[in-house]
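Everything on this sheet refers to the single structure shown next.
The values are calculated or read from the model by the stated rules, or taken from the named source; none is laboratory data. Note that the structure is a prediction, hence the values are computed from the model and not measured. Backbone-built Cβ (ideal geometry, glycine too); neighbour counts: all protein chains shown.
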Amino acid sequence: MVKVYYHDNKDTDFTLPHEGASVSLEELQKIGVFYRKVDEDGLNSIAKERNYKNRDVVEISESSFPSKQAFENKLATFYSEHFHEDEEIRYIVSGSGYFDVRSVSDSWIRTELSPGDLLILPAGIYHRFTLTSSKYVKAVRLFKDEPKWEALNRSENIVSVARTEYVESIKA
Ligand code: KMT
Ligand code: NI
């Protein structure tokens, strides 16, 4: 089952839990993040409902990269704060991972995902990903047509329709 909490913001190894005060699933809903624990059939019916026609499977661990450096570079990329113009939909098959998403007040909320966890991040939300200390995840990535996975980094302060609409959508 998913564990959701505020990140402690300590500047130590980012694959550590960094567990702060706990956060409710309602809090996640308010920022447009969808979470559900599902089996394979449940995943397939959500995919059908939402018209996610395509999918692939990614496996991330040191051994899936040509070198330790390449692996570490990839983790650093995943962990740099960004948004996408499309939803980011991930279903954990094995291993575990942390997705951090920005709260309404711009704090980091961490979700710790394990097998059976489905997470849907809305287009435009700032987020980042890291492996846990197990350093391994296998996940299904769902998408509609051609995925727009370009990461728009916060440091670049890009103005985009997806971002503007997202900010509007979470206003009380
Ligand atoms: C992403 O976009 O951050 C990823 O695909 C991370 C791996 S999927 C659990
Ligand atoms: Ni992303």
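Search segment 150-171 for residues being part of a loop (DSSP other than H, G, I, E, B) and of a type in the set (Gly, Ala, Ser), and hand back the single one that is nearest to ligand 2 (Cβ to nearest atom). That would be ALA151. Among the residues of segment 110-137, those that are more than 12 Å from ligand 2 (Cβ to nearest atom), assigned to a strand (DSSP E or B) and within 19 Å of PHE14 (Cα to Cα) comprise ARG110, THR111, GLU112, LEU113, LEU131, VAL137. Among residues of segment 120-143 that are in contact (Cβ under 8 Å) with a residue 12 or more places away in the chain and closer than 27 Å to SER63 by Cβ, those with a Cβ under 8 angstrom from a residue that is polar (S, T, N, Q) and within 13 Å of ligand 2 (Cβ to nearest atom), sequence gap 6+ or separate chain, pair up as ARG128/SER80.
Quick one: in segment 59-101, which of the residues that are assigned to a strand (DSSP E or B), of a type outside the set (Val, Ile, Thr) and more than 10 Å from ligand 1 (Cβ to nearest atom) is nearest to LYS138 (Cα to Cα)? Checking each candidate, the answer is SER94. Restricting LYS53, LYS138 to those that are surrounded by fewer than 20 Cβ atoms within 10 Å (Cβ to Cβ), out of contact with any Lys or Arg (no Cβ under 7 Å at 6 or more places or on another chain) and of a type in the set (D, E, K, R) reduces the list to LYS138. Name every residue in segment 29-51 that is away from ligand 2 (no atom under 16 Å from the Cβ) and part of a loop (DSSP other than H, G, I, E, B), in order of residue number. Residues satisfying the conditions are VAL38, ASP39, ARG50, ASN51. The condition of being within 11 Å of ligand 1 (Cβ to nearest atom) and in a loop (DSSP other than H, G, I, E, B) holds for PRO147. Would you confirm whether any residue within segment 126-142 is of a type in the set (S, T, N, Q), in contact with an Asp or Glu (Cβ under 7 Å, 6 or more places away or on another chain) and away from ligand 1 (no atom under 12 Å from the Cβ)? Scanning segment 126-142, I find no residue that is of a type in the set (S, T, N, Q), in contact with an Asp or Glu (Cβ under 7 Å, 6 or more places away or on another chain) and away from ligand 1 (no atom under 12 Å from the Cβ), so the answer is no. The set of residues from segment 14-32 being over 15 Å from TRP108 (Cβ atoms), touching a residue at least 12 places away in the same chain (Cβ under 8 Å) and among the charged types (D, E, K, R) comprises just one member, LYS30.
If you check LYS138, LYS171, LYS144, LYS148 for being among the charged types (D, E, K, R), over 18 Å from HIS84 (Cβ atoms) and modelled with pLDDT under 95, only one passes: LYS171. Please indicate, with yes or no, whether at least one residue in segment 102-113 is closer than 16 Å to SER24 by Cα, free of Cβ contacts under 8 Å to residues at least 40 places away in the same chain and within 12 Å of ligand 1 (Cβ to nearest atom). Checking segment 102-113: not a single residue is closer than 16 Å to SER24 by Cα, free of Cβ contacts under 8 Å to residues at least 40 places away in the same chain and within 12 Å of ligand 1 (Cβ to nearest atom).
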